[in-house]
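One structure is given here, and the rest of the page talks about it.
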Amino acid sequence: VASLNGRGARPLAVEIPGDKSLSHRALILAALATGTSQIRGLLDSADVRATAECLRRLGVSVPPISPEMSVTADGVGGFRDAKMDLDCANSGTSARLLSGIVAGAGISARFVGDASLSKRPMRRVADPLRQMGADIRFEGAEGLLPMCISAGKLGPIEWTSPTASAQVKSALLLAGVTARVAIVVREPSRSRDHTERMLAALGAPINVSGAVVRLAADCPPLEQFAFDVPGDPSSAAFFAAWALLSGAPLRTGIVSVNPTRIGFFRVLQRAGAEVSVEPEGFHLGEPIGRIAVRGRLGQAFTLGEAEVPTLIDELPLLACLAVRTPGETRVTGAAELRAKESDRIATVVNNLRGIGAQADELPDGFVVHGTTAPLRGSVTTHGDHRIAMAFGVLGAEPGNQIAVDDPACVDVSFPRFWLELERLRAA
Ligand code: S3P
């Protein structure tokens, strides 16, 4: 990894808000633990607020999100049937992880979500949970919210997941922890591994070998913990992209530098940028550190299935960066993008064309052609936060005029995004 020391301008320091995946998990694990857990730096965004509210409806007393908060809980025994719907809003992580807990704890709940989440596939968690013995009913179309889980008793499972999905893997692990049964999950390639790292750090009998995770039966009760949520590398990615487009070097505050999360930065390096990852230890098993970026993207890149899980949420942004990278960038093996907050293959390609760039849709990815022409037009986000932010960064480039239809949708993961982008632009 190239060193940035002593080369040119001092990098701009940017603090990155708490990691979304880790924030969901910190709240969920604090709710499953016995005692008072201390959480610092929890992301206060719409998705995490959805998880907090669902946990309240399951009987856990979760205070309002604040920079330093504590959650006092009674372990699995503190969970109750949800009398009110669990409204997961836009958040797939809330719906899928909590479905594992509700099924595992042997309680009942009805899961609902917004229009986008109500189109996203839930059978990927319902199928294995049903195989474990869960009673799950979809009220409308099979596999789509609203989804009702009724009290029942689960047995162990060995599950081979057709997709690399941390949400599926986590749902099953959490079902295993709450029902105290053994779980084996095999994935085609390893998805983000926060749940297994945190559970192992809390003493759960977890074993990881390649893309196979095993939880032994009779997981002991989880005890209270303290956790500082590191910044979100997926949020940092937008500013790294801005650093490359603007030529102004940047260094982040503490973020997760988990290898299953930072594929985006490896691709930047491959495409010619200078990137350095500076490790600073671990929090509850999660590797943390700072990331510094400078330079330009000099050559188009290709990426395929093996790498996709490590940068799945950054693909819209990589597509926007590819517009300013000489040559033809090709992404394949990313059909999962169609099951995100929007169909991110169609959304990215249509919006790139709409602002005057050349892009082609593939069944499992896209091709983007680099150009230096000014980009003008309007972007339809379909309420998808990552589409808004990816095109927002491109729109900040001098000479471009890009209108984003729903800028407020960034609230899902990064409420202060536009203010921070403006601050960087003015720096
Ligand atoms: C997440 C897992 C990923 C990711 C999402 C957050 C998580 O989804 O896209 O933003 O916190 O587990 P999948 O597990 O569906 O790939």
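Coordinate-derived values only; no laboratory data. It should be emphasised that the depicted structure is a prediction, and the values quoted were computed from it without experimental measurement. As a convention, Cβ positions derive from the backbone with ideal geometry for all residues, glycine included, and neighbour counts pool all protein chains shown.
At a glance:
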| item | result |
| --- | --- |
| Yes/no for residue 307 being surrounded by fewer than 22 Cβ atoms within 10 Å (Cβ to Cβ), within 30 Å of residue 196 (Cα to Cα) and acidic (Asp, Glu) | yes |
| Test result for residue 195, surrounded by fewer than 18 Cβ atoms within 10 Å (Cβ to Cβ) and in contact (Cβ under 8 Å) with a residue 12 or more places away in the chain | no |
| Of all residues in the range 235-269 being part of a helix (DSSP H, G or I) and in contact with a Lys or Arg (Cβ under 7 Å, 6 or more places away or on another chain), the one that is surrounded by the most Cβ atoms within 10 Å (Cβ to Cβ) | 244 |
| Residue check, residue 272 away from the ligand (no atom under 14 Å from the Cβ), in contact (Cβ under 8 Å) with a residue 12 or more places away in the chain and surrounded by fewer than 19 Cβ atoms within 10 Å (Cβ to Cβ) | yes |
| Hits in the range 321-374 (condition: within 16 Å of the ligand (Cβ to nearest atom), within 24 Å of residue 401 (Cβ to Cβ), touching a Leu at 6+ places or on another chain (Cβ under 8 Å) and β-branched (Val, Ile, Thr)) | 348 |
| Residue ranges of strands (runs of 3 or more DSSP E) in the range 76-162 with at least 2 members crowded, with 21+ Cβ neighbours inside 10 Å and among the hydrophobic types (A, V, I, L, M, F, W, C) | 109-112, 147-150 |
| Which listed residue, of 370, 392, 383, is touching an Asp or Glu at 6+ places or on another chain (Cβ under 7 Å) and either farther than 18 Å from residue 44 by Cβ or in contact (Cβ under 8 Å) with a residue 24 or more places away in the chain (or both) | 383 |
| Answer residue from the range 213-236, given it is of a type in the set (A, V, I, L, M) and over 20 Å from the mean Cα position of the chain (by Cα) and is farthest from the ligand (Cβ to nearest atom) among those | 217 |
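Rundown of residues vs (1) free of Cβ contacts under 8 Å to residues at least 12 places away in the same chain; (2) within 14 Å of the ligand (Cβ to nearest atom); (3) in contact with an Asp or Glu (Cβ under 8 Å, 6 or more places away or on another chain), yes/no style:
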position	(1), (2), (3)
112	no, no, yes
118	no, no, no
125	no, yes, no
173	no, yes, yes
181	no, no, no
184	no, no, yes
